[in-house]
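Below: one structure, written as structure tokens.
What follows draws every value from the coordinates through simple rules; no lab data is involved. Predicted, not measured: the structure shown is a model, and the values here were computed from it.
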Amino acid sequence: MRTSSGGSFDDDAHRSDPAVDDLQSIYDYIALDSQTYADAVVLELLEAAERLRVFPNAGRIVPELADDQTRELIIGSCRLIYETAVQAVIVHAVIHGARDFPAVFGEES
């Protein structure tokens, strides 16, 4: 996924396909009103994901999962869900905060 301003989320080792799809959906939805704002929001999410390479434990543990390895960063109204692994951080999802987490992330409540 690439924004019109050149931001990218294409590093295969650090993202899942659903996360890329989530980011594209967020971009497409916001771009219906403003491509400039869509670029800014997605760039902010990309930069946050990139910072995780240096600070993998920056996010909090996802409350619904209570798993030390699955964490999240709150970026605006989005939840960037990721997993810390031995040599990498893997982004699994980017979910709007108002969405039903168990339904979106596949967890039973």
Residue-ordered couplings for segment 54-66, obtained by feeding phi - 60° into the Karplus form 6.51 cos²θ - 1.76 cosθ + 1.60 and rounding to whole Hz (Gly and Pro as x), are 8, 10, x, 9, 5, x, 8, 5, 5, x, 6, 10, 6
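What relative contact order, as a whole-number percentage, does segment 20-89 give when Cα pairs under 8 Å and 6 or more residues apart are counted?
Numbers: 65 pairs, mean separation 14.6, N = 70.
This gives 21 percent for segment 20-89.
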